[in-house]
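Enquirer: First, the structure itself, so that you have it in front of you.
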Amino acid sequence: FLSEACDLVFDAASVGKQFLIVGTKKIVADLVVRAAIRARCHYVNKKWIGGMLTNWSTTEKRLQKFRDVRMEQKMGKLQYLPKKDAVKLKRELSHFMAYLGGIKYMTELPDVVIILDQ
């Protein structure tokens with residue numbers, strides 16, 4: 001079965017399909033990030049948010065909100081907000097970064113999902 005899985009991954013990669021690598025255990029979380037970055041894949045290494053793929057329209061909206069807040073931070077707009085609002089947006093940005101950071105550029109559902117577990 002491992003040989004078949006390797007063949008499937010190789011064939012999908014040669015055609016240019018999108019991959020999502022999921023590994024939320026502490027032992028594999030860092031390995032998932034390094035492997036996904038090297039392979040230019042999307043990844044989830046923290047908590048899996050329920051409905052991330054099955055409720056894609058909601059996930060897309062959250063990703064867009066993440067991109068908007070990140071752009072505001074890069075442009076320096078957070079410093080002109082009241083302190084309470086800026087802290088709230090920074091907290092929201094750190095939450096987005098932790099849970100959606102690996103899929104921030106994902107524009108559609110992935111073709112192949114690789115799940116690492118025990």
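The values are calculated or read from the model by the stated rules, or taken from the named source; none is laboratory data. Worth saying up front: this structure is predicted, and the values here are computed from it rather than measured. Neighbour counts run over all protein chains shown; Cβ positions are idealised from the backbone, glycine included. What goes into the accessible areas is simple: the full protein's heavy atoms, side chains included, and nothing from ligands, DNA or RNA. Shrake-Rupley method; radii C 1.70, N 1.55, O 1.52, S 1.80 Å.
Enquirer: In what order, largest first, do MET75, MET97, MET52 sit by accessible area if the probe radius is 1.4 Å?
Expert: Values: MET75 120, MET97 90, MET52 5 Å².
The ordering from most to least exposed comes out as MET75, MET97, MET52.
Enquirer: Just flag the GluC sites (Glu not before Pro) in segment 36-118 sitting in loop per DSSP whose Cβ has no more than 15 other Cβ atoms within 10 Å.
Expert: GLU108
Enquirer: In Å², and per residue, what accessible area does the chain have when probed at 1.4 Å with the other protein chains present? Spell out each step's value before the answer.
Expert: Working: 8670 Å² over 118 residues.
With all protein chains present, the chain gives 73 Å² per residue.
Enquirer: Do you know the relative contact order of segment 1-115, to the nearest whole percent, from alpha carbon pairs under 8 angstrom that are 6+ apart? All intermediate terms of the calculation are to be shown ahead of the outcome.
Expert: Details: 102 pairs, mean separation 44.5, N = 115.
In percent, rounded to a whole number, it is 39.
Enquirer: Still on this model: Let me spell out the model: positive unit charges on the Cβ of Lys and Arg, negative unit charges on the Cβ of Asp and Glu, origin at the Cα centre of segment 4-116. What dipole size does that give, in debye rounded to 20? Walk me through the intermediate numbers first.
Expert: Details: 21 positive and 11 negative charges, 186 e Å.
Its charge dipole is roughly 900 debye.
Enquirer: Here is a follow-up. Straight-line reach from LYS77: which lysines have a Cα under 25 Å away, not including same-chain ones fewer than 8 places off?
Expert: Filter leaves LYS61, LYS65, LYS88, LYS90, LYS104.
Enquirer: Using only Cα atoms, what Kirkwood radius does the chain have, in angstroms?
Expert: Details: mean 1/r = 0.0635 Å⁻¹.
Across the chain, the inverse of the average 1/r is 15.8 Å.
Enquirer: Which is farthest toward the positive dipole end of the chain among THR59, TYR80, ILE114, measuring Cα position about the Cα centre, with Cβ charges +1 (Lys, Arg) and -1 (Asp, Glu)?
Expert: TYR80
Enquirer: Describe numerically, in nm with one decimal, the distance between label points set 7 Å from Cα along Cα→Cβ at ILE49 and at PHE10.
Expert: 3.6 nm
Enquirer: If packing is taken as the mean number of other Cβ atoms within 10 Å per residue, what is the order of 76-84, 19-27, highest first?
Expert: Values: 76-84: 10.1, 19-27: 16.6.
Going from most to least packed, we get 19-27, 76-84.
Enquirer: So for segment 11-118, taking the charge dipole from beta-carbon charges (+1 Lys/Arg, -1 Asp/Glu), which of TYR99, VAL28, VAL15 sits furthest toward the positive end?
Expert: Sorting the options by dipole projection puts first TYR99.
Enquirer: I've got another one for you. If you roll a 1.4 angstrom probe over the protein chains with everything in place, what fraction of the accessible area of the chain belongs to carbon and sulfur, to the nearest %? If you can, show how the numbers build up before the last one.
Expert: Working: 4890 of 8670 Å².
Roughly 56 percent, rounded to a whole number.
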